[in-house]
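Colleague: Pasting a structure here, questions to come.
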Amino acid sequence: MDVAQRIAERRPAYLAALAQGTERFHEPRRRACPWCGSPRLRPRLRTTDLVQHKPGTFTLDQCAHCGHCFQNPRLTPEGLAFYHRDLCHREGLGGSLLGARPTDRRHLARARALREFDEPECWLDVGTGRALFPALAKQVLPYTSFDGLDPGKGIEVAVRRGRVEEGHRGTLTGLADRLAGRYDALSLFHQLERGPDPRAELAAARTVLRPGGHLMIESPDPGCRYARLLGRWWPSYSQPRHLHLVPLANLRAGLEELGFTVVRVERRASHVPADLSGALALFLDHCLPRADVPWRARPAPRLGLTIRRAAWWAAVPVLTLAQALDRLLAPLLTRVGFSNTYRVIARRGEGT
């Protein structure tokens, strides 16, 4: 069955879901910051789904007191499922830029970063997917047993392929009590921004870790200067899938409240050099004729699809140049506030 047939088969279900409107995918609007409780909120961003172009408009508010940035109104679990669905089936040469994945080098660097503080006996990777990180981290930590946790079916694939010793299907907050005190290390790579409650994620991580264990977090930095420069085209906004953007100062304070000691903060090493190329890909994708997707009421015209494919190929040199600039400028720009990601390593206290 070709792509057009699969899209045609799925179109009636999507159109039936959208016939009820997208308002039901949103919770009631919050009047106070979910991090500190302050009512001093101001709009930071209003945008649409720039990746899949599914219907809907999304707003990010920022707390004037603590700086926490969050989607308001927030998507419901049903809404998150709707906007996550088919995310891996983007069309066009910009797909790899719109959804950049960590490289092998980045996975290995993560493992080396923790090895400087500990060689854990057992490590839980949360949101592991098909466990590419644990599979590579074993090269750096050969005596560490890696387990994975993920709500998707990919965790079952990871277990079958031997990438993790044990796979847990579900969420960290849902499984924390069952896994209490089992791990010496736990990683939350780009997970805090996806969950409905980052404070609850941190508390669950503390429950799962043994006293003295280490927590490693990577998350988009809302203070990144690229966010102001690129506006809605900044890839790390990733609306509507990112629910929270936690400022580094807030994260440090939240960890300390839970009895963690922050032992390292990195901005340069954790930076993902894809801001300019990702923003350009989003802008081009926005300007081009839409792809044929099942949430369109009618199939895309053949002429539009031809123009779209030709335009992506024509844009290859410009996108390649943008990627080169991202890499070349990163060593300089990450020194002056343009790092888009921070990495935090924290040690759990000995208290109960």
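Colleague: What is the residue count in the range 211-227 for residues that are basic (K, R) and either at pLDDT below 95 or closer than 24 Å to L258 by Cα (or both)?
Modeller: Looking only at that region, the number is 0.
Colleague: For the range 6-56, enumerate the residues that are under 30 Å from A249 (Cα atoms) and more than 26 Å from the chain's Cα centre (by Cα).
Modeller: P39, R40
Colleague: Being at positive phi and either part of a helix (DSSP H, G or I) or at pLDDT 90 or above (or both) is the filter here; which residues of the range 64-110 pass it?
Modeller: G67
Colleague: Only one residue in F117, F133 is in a loop (DSSP other than H, G, I, E, B), among the hydrophobic types (A, V, I, L, M, F, W, C) and in contact (Cβ under 8 Å) with a residue 40 or more places away in the chain. Which one?
Modeller: Residue meeting the stated conditions: F117.
Colleague: With the checklist (1) within 30 Å of P196 (Cβ to Cβ); (2) within 22 Å of the chain's Cα centre (by Cα); (3) surrounded by 15 or more Cβ atoms within 10 Å (Cβ to Cβ); (4) not hydrophobic (A, V, I, L, M, F, W, C) in hand, flag the one item G337 doesn't pass.
Modeller: Evaluating G337 over (1) within 30 Å of P196 (Cβ to Cβ); (2) within 22 Å of the chain's Cα centre (by Cα); (3) surrounded by 15 or more Cβ atoms within 10 Å (Cβ to Cβ); (4) not hydrophobic (A, V, I, L, M, F, W, C) leaves (3) as the failure.
Colleague: Here's a follow-up. Can you tell me which residue within the range 173-202, out of those that are in contact (Cβ under 8 Å) with a residue 24 or more places away in the chain and of a type in the set (G, A, S), is surrounded by the fewest Cβ atoms within 10 Å (Cβ to Cβ)?
Modeller: Taking the candidates together, the pick is G181.
Colleague: When you go through R194, R228, R199, R206 one by one, which is the residue that is closer than 30 Å to L276 by Cβ, out of contact with any Pro (no Cβ under 6 Å at 6 or more places or on another chain), assigned to a helix (DSSP H, G or I) and not polar (S, T, N, Q)?
Modeller: R228
Colleague: Hey, can you tell me all the residues within the range 177-190 that are within 10 Å of L149 (Cβ to Cβ) and part of a loop (DSSP other than H, G, I, E, B)?
Modeller: Across the range 177-190, the qualifying residue is only L179.
Colleague: Surrounded by fewer than 22 Cβ atoms within 10 Å (Cβ to Cβ) and within 14 Å of the chain's Cα centre (by Cα): which single residue out of H242, H271 fits that description?
Modeller: After applying the criteria, what remains is H242.
Colleague: Moving to a separate point now. Mind checking whether some residue in the range 250-262 is more than 18 Å from the chain's Cα centre (by Cα), among the basic types (K, R), surrounded by fewer than 19 Cβ atoms within 10 Å (Cβ to Cβ) and closer than 29 Å to F25 by Cα?
Modeller: Checked the range 250-262: no residue is more than 18 Å from the chain's Cα centre (by Cα), among the basic types (K, R), surrounded by fewer than 19 Cβ atoms within 10 Å (Cβ to Cβ) and closer than 29 Å to F25 by Cα.
Colleague: Looking for something in a helix (DSSP H, G or I) and touching a strand residue (DSSP E or B) at 6+ places or on another chain (Cβ under 7 Å) - is there at least one such residue anywhere in the range 233-246?
Modeller: For the range 233-246, residues in a helix (DSSP H, G or I) and touching a strand residue (DSSP E or B) at 6+ places or on another chain (Cβ under 7 Å): present.
Colleague: When you scan the range 292-319, how many residues do you find that are within 20 Å of D86 (Cα to Cα), in contact (Cβ under 8 Å) with a residue 60 or more places away in the chain and outside any helix (DSSP H, G or I)?
Modeller: Residues of the range 292-319 that are within 20 Å of D86 (Cα to Cα), as a first pass: 292-300, 305, 308-309.
Narrowing further to those that are in contact (Cβ under 8 Å) with a residue 60 or more places away in the chain: 292-297, 299, 308-309.
Cutting the leftovers down to outside any helix (DSSP H, G or I) gives us 292-297, 299.
Qualifying residue count, the range 292-319: 7.
Colleague: Kindly establish whether L229 is under 17 Å from D125 (Cα atoms), without any contact (Cβ under 8 Å) to a residue 60 or more places away in the chain and of a type outside the set (S, T, N, Q).
Modeller: When the stated conditions are applied, L229 does not pass them.
Colleague: Does A279 count as under 23 Å from the mean Cα position of the chain (by Cα), small (G, A, S), in a helix (DSSP H, G or I) and at pLDDT 95 or above?
Modeller: Yes.
Colleague: Still on this model: Could you identify the single residue in D49, D61 that is of a type in the set (D, E), more than 26 Å from V293 (Cβ to Cβ) and modelled with pLDDT of 95 or more? Please lay out each step first, then the result.
Modeller: Values: D49 fails: more than 26 Å from V293 (Cβ to Cβ).
Only one candidate qualifies: D61.
Colleague: While we're on this one: What are the residue pairs meeting all of these: first residue in the range 55-74, first residue in contact (Cβ under 8 Å) with a residue 12 or more places away in the chain and among the hydroxyl-bearing types (S, T, Y), second residue buried (at least 22 other Cβ atoms within 10 Å of the Cβ) and part of a strand (DSSP E or B), Cβ atoms under 8 Å, and 6 or more apart or on different chains?
Modeller: Filtered contacts from the range 55-74: T59/Q71.
Colleague: V51 is checked against (1) among the aliphatic types (A, V, I, L, M); (2) touching a residue at least 12 places away in the same chain (Cβ under 8 Å); (3) assigned to a helix (DSSP H, G or I) and fails just one. What number does that condition carry?
Modeller: V51 satisfies every listed condition except (3).
The values are calculated or read from the model by the stated rules, or taken from the named source; none is laboratory data. Predicted model, so just to flag it, every value in this text is computed and none were measured. Note that each Cβ is placed from the backbone with ideal geometry, even for glycine, and that neighbours are counted across all protein chains shown.
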